[in-house]
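This report refers to the structure that appears directly beneath it.
Derivation of every value follows stated rules applied to the coordinates shown; laboratory data play no part. The model shown is predicted, which means the values in this text are computed figures rather than measured ones. Please note: Cβ atoms are built from the backbone with ideal geometry, for glycine as well, and neighbour counts cover all protein chains shown.
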Amino acid sequence: MTEALLALWDGAFGSSYAIWSATLVRSAPLLLLGLGVALAFRAGVLNIGAEGQFLMGAISATAIAQSMGGTVPSIVMIPVMALVGALAGASWAGIAAWLRQRFGVLEVISTIMLNFIALASISWMVRGPLQEPTRIYPQSAEIPGPAQWPFLIPGQRLHLGFVIGLLACGIAWVVLTRTAIGFRIRAVGASPSAATSAGGIAVAGTVLRVFLVSGACAGLAGAAEVGGVTWALYEGISPGYGYTAIAVALLARLHPGWIIVSAIFFGALEAGASAMQRDAGIPSVVVQVIVALVILGVLAGSQRRVIAGAATLGAEGRR
Amino acid sequence: MDALLIPFLDATIRTATPLAYAALGEVVTERSGVINIGLEGIIIAGCLGGLIAAGAGGPTVGFLGGALAGLLMAALFALFVLRLKADAIITGTALTLLGLGLTGTVYRGVFGLEGAALGTPSIAPIALPGLSSLPLVGPVFFTQTVMTYLLYLLVPLLAWWLARTHTGLALRAIGESRTAAHAAGIAVDRIRWGAILFGGVMGGLCGATLVLGQVGTFTEGMSAGRGFIAIAIVVLGRWRVVGTALAALLFGGAFALQYLLQAVGWALPYQLFLALPYLLTLVMLAALRGRAEAPAELASHEG
């Protein structure tokens, strides 16, 4: 037990490499994914499809990087990858948003179904259109040099995506607390009917926009993972980041500032767990158990106040 | 034609069987006015519970183990939703993650990091004497495992129970209006506990059937969204027992279609067929937007 915990700690914080090349690298996608989930939950949208939106972002970013080739400079390539990834994530979320608003389909179910369809898509992509030229391995070729996102510190693997995640959390914080848009999101989440009658807020439009932004965050995370970490597309590109993101968001009480702390906590947990599996033979899926227990703990502690908006959504939000 | 059709229909029934168990359990839970999104976690717990128990004491013990694992997961859900008044949707999501994580951890803990190749005791199809020699119907409906035959008995029994018994009526009353049922002197929480636990047992049996009657081994995440598909099946079945059983057949067909299309040498990528049940779920949920028949209490899951 002590051995396992020591391995966990060493893997997460035991050396400068562990911090800058393991923990924070794994926190990078969780920042954007957790933020996306938190924004959606704030508006009463139970988007648990971050995983699928992340995968679609990763697929699209790989595809655009491959098709633009190695001659386009990084200064163009990286923003294009980020944009395309975000658009792909938003579109994937858009399907669930459309199904909810047009047909009243519970987004909890539709986003999960879309996660499985995204998995099937990636499985096809890496054996079909995006497979590496020798056609032996189920993965894409390495993306060209200019498409590889810059590292922040020489000798460490921390990449640009982490900074983008921090910036996104900062922007979301300001927007949520200081602007009219943020007020509308919070009002819709707190009570859709009150937002309509007392606030004169167009609930459907707000819900749709938040859903799309939430998907864009996840898609951007997928692009950043391909550009900053893996440099190629393969099936296991996400160890369930999209699901961990739900715990990241709930532990942060859906607050963009606390997302940063909570994403680093879970990033450390993921990094430590891989070290623990390697050194102490403890399976790393134990992280998923911790994720679930954190969610249940937050629920038991808060008795649904955290997600007050989400709770009223079934009653009035779908009409 | 028979050479393709009979295996396809046979596979349809075989894959529909576990789905029907999970969906019928969810029908009872939802008729009491609670939606259990955590069904996926219950099913995967049933898979592993079934595997471990069957390894210790054979298939019969395996099914008991699966049911028990499902029951425990459902009890956790009921504790949070009924006792702690936590949000049912988020609790269900956590239950799913817990089930997937816990089974992965326990499986690797018990069977090693690689998850040793396992010779799971499994149940074989039994040809019912007489009935199984009927043309077409025989090999399709009456050459199945005992779990399918139990289902043939369970469906009418459950339909009768829900429609005709005192408890069935009380359950439906709670689903329509909790406050009215409470005013009429019905023990709302006790019946909801019962409904959720029943859903857990059925979900656990779904998992055990998947392992012992269909796949023959355990793999991490093998429930593969069946919990969510079962919830869609309930919607398609309009929250009725017989309707749900028939809807399960449709989804069984969607899973079985990949065998059929592989057999005829279809040129489309196989991933398309892997995605088919999920696509079908989305299409069906969208097509059935008239939700008038849903238990009224489901619409307000804040209870």
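With both labels modelled 7 Å from their Cα along Cα-to-Cβ, the B:A183 to B:L268 distance reads 5.3 nm. Using a Gaussian network model of chain B in which every pair of alpha carbons under 10 angstrom is joined by a spring, one finds that among B:L272, B:L64, B:L162 the greatest mean-square fluctuation is at B:L272. Here the label points at A:F13 and B:L134, each 7 Å from Cα along the C-beta direction, are separated by 6.8 nm in the simple model.
The fewest-to-most ranking of B:R192, A:R127 by surrounding Cβ atoms within 10 Å reads A:R127, B:R192.
Starting from 0.36 nm per residue, how many nanometres of slack lie between B:V283 and B:L246 once their C-alpha separation is accounted for? The partial results should precede the final answer.
Details: separation 37, 0.36 × 37 = 13.32 nm, distance 1.70 nm.
Length gained, B:V283 through B:L246: 11.6 nm.
Can you compute the FRET efficiency between A:I171 and A:R253 using 1/(1 + (r/R0)^6), with r the Cβ-Cβ distance and R0 = 22 Å? Round to the nearest 0.05.
Working: r = 19 Å, r/R0 = 0.85.
Between A:I171 and A:R253 the formula returns 0.75.
The chymotrypsin sites (Phe, Trp or Tyr not before Pro) of segment B:198-303 meeting both criteria, a DSSP state outside H, G, I, E and B (loop) and at most 15 other C-beta atoms within 10 angstrom of the site's C-beta, are B:W266, B:Y270. Sequentially through segment A:35-47, phi angles give Karplus couplings (6.51, -1.76, 1.60; θ = phi - 60°) of 4, x, 5, 4, 4, 4, 4, 4, 8, x, 9, 8, 7 Hz, Gly and Pro residues having no value and appearing as x. Applying 1/(1 + (r/R0)^6) with r as the Cβ-Cβ distance of B:E176 and A:A190 and R0 = 22 angstrom yields a FRET efficiency of 0.20.
Only four residue types carry charge here, +1 at the Cβ of Lys and Arg and -1 at the Cβ of Asp and Glu. Report the dipole size of the protein assembly as shown about the Cα centre in Debye, rounded to the nearest 20.
Working: 32 positive and 24 negative charges, 324 e Å.
With only Lys, Arg, Asp and Glu charged at Cβ, the dipole is about 1560 debye.
Could you order the peptides A:259-268, B:32-41, B:134-143 from most to least packed, using the average number of other C-beta atoms within 10 Å per residue?
On the way: A:259-268: 23.6, B:32-41: 29.3, B:134-143: 15.7.
Output ranking for A:259-268, B:32-41, B:134-143: B:32-41, A:259-268, B:134-143.
The helix-based estimate of mean residue ellipticity at 222 nm for the protein assembly as shown, built from -39,500 (n - 2.57) per DSSP H run of four or more residues and divided by its residue count, is -23000 deg cm²/dmol to the nearest 500. Taking each residue as 0.36 nm, the span from A:T134 to A:S67 lengthens on full extension beyond its C-alpha to C-alpha distance by 22.4 nm.
Computed from backbone phi, the HN-Hα couplings of segment B:68-78 come to 5, 4, x, 4, 5, 4, 5, 5, 4, 4, 4 Hz, rounded to whole numbers (Karplus: 6.51 cos²θ - 1.76 cosθ + 1.60, θ = phi - 60°; Gly and Pro given as x). For the pair A:Q156 and A:A198, label points projected 7 Å from Cα toward Cβ lie 4.7 nm apart. Extension gain for the segment B:R83 to B:A3, taken as residue separation times 0.36 nm less the Cα-Cα distance, is 23.4 nm to one decimal.
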